[in-house]
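Just below is one structure, and these are the notes that go with it.
Taken together, the values in this text are just the output of simple stated rules run on the coordinates, not laboratory data. Because the structure is a prediction, the values reported are computed rather than measured. Please note: Cβ atoms are built from the backbone with ideal geometry, for glycine as well, and neighbour counts cover all protein chains shown.
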Amino acid sequence: MKKIVIASNSAGKLREFAELLKPFDFLAIPQSELGVSEAEEPFATFIENALAKARHASRATGLPTLADDSGICVPALDGAPGVYSARYAGEPRSDARNNEKLVAAMQIIEDRRAFYYAALVLVQHADDPHPLIADGAWHGEIVAEARGTGGFGYDPHFYLPQYGCTSAELPAEVKIRESHRGIAMRELAKKLAQFRL
């Protein structure tokens, strides 16, 4: 079984990635188990940040690495919070404070459209000139009142008209399948099926 590092410390992401990689006979190892520190994320795009994370962990371990960068984008706010989604309200990081800031910013805005976006990057080695890249977007809108207790991040305020609920109210298995990360993971799985590390 080939080892692959997951450049994340999120328990939820680690579970999702382990499931994605099962059919490909990969042993998914969290970067924390190998003593890899979190990478800097200095870039303005999700793809660049995901690539930086993947290269960082691969350089530290000498192993193929899968990384992601994701967040929520609001067109009426010029794409914010965007790559700053996790630290939108500053430090210390707090989902509650991030949501409070987003809802306040949307108070006088009529266009409530928003989308979650995820970029996945898989490198064979730190200097891989041809990383596998997949992405996905999940469209909805921002609501002022928090609804639901599932999920994390902006989920209680991310309303999905097609389901008549927020993503925090969706069953976990539906969210994993239908979300931005689920879409990106299916795209990556197709690419992996045609590619061997």
Quiz item: Where the centre of each part is set by its Cα atoms, how far does segment 35-56 sit from segment 84-142, in angstrom?
Solution: 14 Å
Quiz item: Is there a pair in LYS22/LYS101; LYS3/LYS190; LYS22/LYS175 whose C-alpha atoms are over 31 Å apart, and which pairs would that be?
Solution: LYS22/LYS101
Self-check item: Fewest-first ranking of ASP68, ASP95, using other Cβ atoms within 10 Å as the exposure measure
Solution: ASP95, ASP68
Quiz item: Under a GNM of the chain (C-alpha, springs under 10 Å), which listed residue has the highest mean-square fluctuation: ALA105, ALA18, ALA86?
Solution: ALA105
Exercise. Out of all DSSP beta bridges with both ends in segment 2-193, state the antiparallel percent to the nearest 5.
Key: 75 percent
Exercise. Return SER8, SER70, SER32 ranked ascending by Cβ neighbour count within 10 Å, so the fewest neighbours appear first.
Key: SER32, SER8, SER70
Exercise. Take the Cα of SER10, step 7 Å along the line toward its Cβ, and report every residue of segment 65-82 whose backbone nitrogen sits under 12 Å from that point.
Key: 67-72
Self-check item: Residues HIS157, HIS125 arranged by fewest to most Cβ contacts within 10 Å
Solution: HIS125, HIS157
Quiz item: Which of ALA28, ALA67, ALA118 moves most in a GNM of the chain, Cα contacts under 10 Å?
Solution: ALA28
